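The values are calculated or read from the model by the stated rules, or taken from the named source; none is laboratory data. Note that this is a predicted model, so its numbers are computed, not measured. Cβ coordinates were reconstructed from backbone atoms using ideal geometry, including for glycine residues, and neighbour counts include every protein chain displayed.
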Amino acid sequence: MDPTPSAEELVPDQVHDDMYIAWTDRVYTDAHTAVETDAIIREGELQPGMRVLDTPCGTGRIARCLAEKGLIVLGVDKSSRCIELARERCSAPGDVTFRTGDMRCLDMESEFDAVVNWGVSFGYYDDETDAAILAGYRRALKPGGRLILQCLSRDWVAAALMARPPRTPPFIHLVTELDGDLLVDSIGFDPQSGRAPFVRHIVIAGQHARYSFALRLYAPSELADRLRRAGFSGIRFLHSKVDDPRHEYGDMRVLATA
Ligand SMILES: C[S@@+](CC[C@H](N)C(=O)[O-])C[C@H]1O[C@@H](n2cnc3c(N)ncnc32)[C@H](O)[C@@H]1O
């Protein structure tokens, strides 16, 4: 038996289906995305006119907002449905284009001033593939360009698991409720593989979907090591928070220079 499940089994495409998109449309309002984008610009020291690769871009909320602030943005996502929606939603001014593509095999060389990987979009694959993704980001950047990556903090999940009452199952449950609609994540953690098994339920207008996946969570020291191996330097973990009480996830942000 192969002990390493294939990437598609770890985080299946279905995890980002129409129900998930409908949920993120509800939670990530324009106001919320504007706060996140301001943080990306501030923390990444981005200037108007810089070229930015946003991948995976999902339905393009961050890419569009960056373009509205004067950056020249290419959004890339594996899901053709997301790219179709990203293009449809492009009514605001700004230089932004969208393309379907896979972050595991980017073919850009020294083209971008910044690469953005946002919204817990890293750790979907085995460690070797995650390393290849970081190497692809490094190649896509001009010398001195920055990677801005936001993922879920392993230490936050571990601390939350340790804080649960004694003799309760080894999961934390995160519930987000919006006017009767729900997202419930039950999250565990396997220290040996570094993966967090998730069971996610989304309920919107009485419709229910259930997803099961396993996200690789990195300790800051591990992620810094992976970034250095991919050729990055000047690695800095950032501590600013998105100021929105609905987002209680442990938010880990890192800035690295190519
Ligand atoms: C959690 S969403 C985040 C999207 C966006 N960054 C945001 O913050 O709204 C993750 C996205 O990753 C995309 N994705 C998953 N695997 C991918 C891959 N190998 N290459 C490109 N996109 C991928 C999914 O289609 C989904 O749109």
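Brief remarks follow.
- Among residues of region 103-119 being crowded, with 16+ Cβ neighbours inside 10 Å and within 11 Å of the ligand (Cβ to nearest atom), the one that is farthest from the chain's Cα centre (by Cα) is Leu106.
- Yes/no for Ser221 being over 29 Å from Tyr28 (Cα atoms), among the small types (Gly, Ala, Ser) and out of contact with any strand residue (DSSP E or B) (no Cβ under 8 Å at 6 or more places or on another chain): yes
- Verdict on Phe122 being within 26 Å of Trp156 (Cβ to Cβ), outside any helix (DSSP H, G or I) and within 13 Å of the ligand (Cβ to nearest atom): yes
- Tabulated pairs, region 243-258, first of a type in the set (Val, Ile, Thr) and surrounded by fewer than 20 Cβ atoms within 10 Å (Cβ to Cβ), second at pLDDT 85 or above and part of a loop (DSSP other than H, G, I, E, B), C-beta under 7 angstrom, 6+ apart or interchain: Thr257/Phe232
- Of the residues examined, Thr29 is not one that is surrounded by 23 or more Cβ atoms within 10 Å (Cβ to Cβ) and either among the polar types (S, T, N, Q) or within 26 Å of Asp107 (Cβ to Cβ) (or both).
- The strands (runs of 3 or more DSSP E) falling completely within region 143-228 that include 1 or more residues that are touching a residue at least 40 places away in the same chain (Cβ under 8 Å) and under 30 Å from Glu128 (Cα atoms) map to 172-178, 195-204, 207-216.
- Qualifying residue in region 134-144 (condition: among the aromatic types (Phe, Trp, Tyr), buried (at least 17 other Cβ atoms within 10 Å of the Cβ) and touching a helix residue (DSSP H, G or I) at 6+ places or on another chain (Cβ under 7 Å)): no
- Scanning region 103-119 for residues that are of a type in the set (A, V, I, L, M, F, W, C), within 16 Å of Arg64 (Cβ to Cβ) and part of a loop (DSSP other than H, G, I, E, B) turns up just one, Trp118.
- In the set Gly144, Gly206, Gly180, Gly136, only one residue is more than 20 Å from the chain's Cα centre (by Cα) and within 29 Å of Val76 (Cα to Cα); that residue is Gly144.
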